[in-house]
Amino acid sequence: MSHAPHKGETVALFVTCLVDAMRPSVGFAAVRLLEHAGFCVEVPEGQTCCGQPAFNAGDEEDARDVARRMLDIFAPFDAVVAPSGSCAGMVRRHYPELFAGTPDEERAKALATKTFELCEFLHRHDASPLLRKWEGGPVAWHDSCSSRRELNIHEAPRALLRRIPGLELVELSDPEACCGFGGLFSVKLPEISTRMATDKAQDVRNSGATTLVGPDMGCLMNIAGRMSRLGMNIRVLHVAELLAGMTGSGIGENAA
């Protein structure tokens with residue numbers, strides 16, 4: 001992996017489609033966290049999808065067409081940070097293979113090596129104290145499949161949450177289990193997806209947590225929707241929202 005920028009340098013935020021369309025507060029929270037950690041942040045205009053839906057569907061030609069815009073937009077920056085293990089995983093793990101043998105192969109490799117998921121980036125760099133005390137009850141962490149399996153991110157988000165005064169972090173009984181979203185998986189196999197989401201929701205309830213936190217909006221919306229249908233009154237936050245709320249920003253009051 002390439003050099004990540006030092007504090008005071010500029011990083012680019014890749015907002016992601018779901019954050020832009022469904023939960024813009026996550027993007028604002030990510031900006032605040034990166035600034036709180038000492039970085040200058042730019043949110044490049046014109047950014048769109050990373051190409052993951054087309055890639056997962058097997059349409060590599062369309063995926064490359066979409067991803068090529070990412071190569072253009074984020075090329076000038078020393079680091080790119082995304083509040084999504086799924087999108088960061090697409091760029092870091094799949095761009096090199098997607099563009100292998102094409103004129104854009106080296107550009108794809110360059111972007112892959114400087115792209116980071118938000119929690120791993122903050123864990124590397126953020127020495128700033130979190131100011132507020134958490135008073136929201138026990139918090140459970142959901143590992144998204146992309147963060148845990150593609151990027152091997154496990155300890156970073158937990159370490160960030162443990163820094164928060166008063167926060168009790170509880171582990172789910174099966175933290176490696178998928179929530180059933182999986183992008184196209186939930187569309188192609190809805191019955192299996194629903195059962196997996198039900199199992200995850202019940203695991204959260206059995207943990208005693210009053211809040212569920214995770215790194216990917218796809219997972220969080222899927223779990224939150226299932227818990228709502230099951231009548232569970234458990235708040236669901238993206239990790240950026242919770243952490244930003246602890247800096248004194250007031251962000252973090254939303255729920256999926």
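Of all residues in the stretch 61-83, none satisfies being surrounded by fewer than 23 Cβ atoms within 10 Å (Cβ to Cβ), touching a residue at least 60 places away in the same chain (Cβ under 8 Å) and on the phi > 0 side of the Ramachandran plot. Test Arg132 against the criterion of being at negative phi, basic (Lys, Arg) and surrounded by 17 or more Cβ atoms within 10 Å (Cβ to Cβ), and give yes or no. Judged against the criteria, Arg132 is not a match.
Just one of the listed residues (Ala209, Ala197) is more than 28 Å from Glu35 (Cα to Cα), among the small types (Gly, Ala, Ser) and either over 20 Å from the mean Cα position of the chain (by Cα) or surrounded by fewer than 15 Cβ atoms within 10 Å (Cβ to Cβ) (or both), namely Ala209. Looking across Ala127, Ala108, one residue alone is at pLDDT below 95 and more than 16 Å from the chain's Cα centre (by Cα). It is Ala127.
Residues in the stretch 205-245 that are polar (S, T, N, Q) and either in the same structural domain as Phe28 (by TED's automatic domain parsing) or in contact with a Gly (Cβ under 7 Å, 6 or more places away or on another chain) (or both): Thr210, Thr211, Asn222. Of everything in the stretch 180-212, what is outside any helix (DSSP H, G or I), out of contact with any His (no Cβ under 7 Å at 6 or more places or on another chain) and among the hydrophobic types (A, V, I, L, M, F, W, C)? Give them in sequence order. Across the stretch 180-212, the qualifying residues are Phe181, Leu189, Ala209.
Here's the yes/no breakdown for (1) in the same structural domain as Pro165 (by TED's automatic domain parsing); (2) touching a Gly at 6+ places or on another chain (Cβ under 6 Å); (3) under 18 Å from Arg68 (Cα atoms):
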| site | (1), (2), (3) |
| --- | --- |
| Gly85 | no, no, no |
| His94 | no, no, yes |
| Ala100 | no, no, yes |
| Glu105 | no, no, yes |
| Glu117 | no, yes, no |
| Glu120 | no, no, no |
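Scanning the stretch 153-202 for residues that are of a type in the set (Ser, Thr, Tyr) and at pLDDT 95 or above, which turns out farthest from Cys50 (Cα to Cα)? My answer is Ser173. Restricted to the stretch 43-136, the set of helices (runs of 4 or more DSSP H) holding at least 1 residues that are under 14 Å from Val11 (Cα atoms) and in contact with a Phe, Trp or Tyr (Cβ under 8 Å, 6 or more places away or on another chain) comprises 60-74, 105-113, 118-125.
The values are calculated or read from the model by the stated rules, or taken from the named source; none is laboratory data. Note that this is a predicted model, so its numbers are computed, not measured. We place every Cβ from the backbone using ideal geometry, glycine too, and count neighbours over all the protein chains shown.
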